[in-house]
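Student: There's a structure below that I have some questions on.
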Amino acid sequence: MKSEFKRYFWKRFWLIFVPLYLMAIGNESYIVSNPLTELEDYGSFLYFIVFYFVGYGAITAGILHLLWRGGRKMGTLNREEKVRE
């Protein structure tokens, strides 16, 4: 069961994560309108890139976990398990 979840997770993670991440970065003023003239500007740019990467990665993982649990309770994954048995 653990390998099934890993396969389910990694197949869908990038499909959900990339659009969320691009929308978040595209709307963040610290990233889009940063002049990058001083060292502090580079630091804030890097901070927000990493902050959004970790934050939206966690949000995506939570969404996928809920979809996995909901799919198992609704029966879509249970039917496949019954067929295997």
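Student: Using θ = phi - 60° and the Karplus curve 6.51 cos²θ - 1.76 cosθ + 1.60, what whole-Hz ³J(HN,Hα) does each residue of region 7-12 get, with Gly and Pro shown as x?
Tutor: Karplus-based 3J(HN,Hα) across region 7-12 equals 5, 4, 5, 6, 5, 9 Hz.
Student: If you plug each phi of region 58-68 into the Karplus form 6.51 cos²θ - 1.76 cosθ + 1.60 with θ = phi - 60°, what whole-Hz ³J(HN,Hα) values come out, in order, with x for Gly and Pro?
Tutor: Result, ordered by residue: 5, 5, 5, 4, x, 4, 5, 5, 5, 5, 5 Hz.
Student: What ranking do 36-48, 20-32 get when scored by the average of other Cβ atoms within 10 Å per residue, highest first?
Tutor: Peptide ranking by packing, descending: 20-32, 36-48.
Student: Quick check: pseudo-label points 7 Å beyond the Cα along Cα→Cβ at Ser44 and Leu22, how many nm apart are they?
Tutor: It works out to 2.6 nm between the two label points.
Values in this text are rule-based calculations from the coordinates and carry no lab data. If you're wondering where the values come from, they're calculated on a predicted model, not measured in any experiment. Cβ: placed from backbone, ideal geometry, glycine included. Neighbour counts: every protein chain shown.
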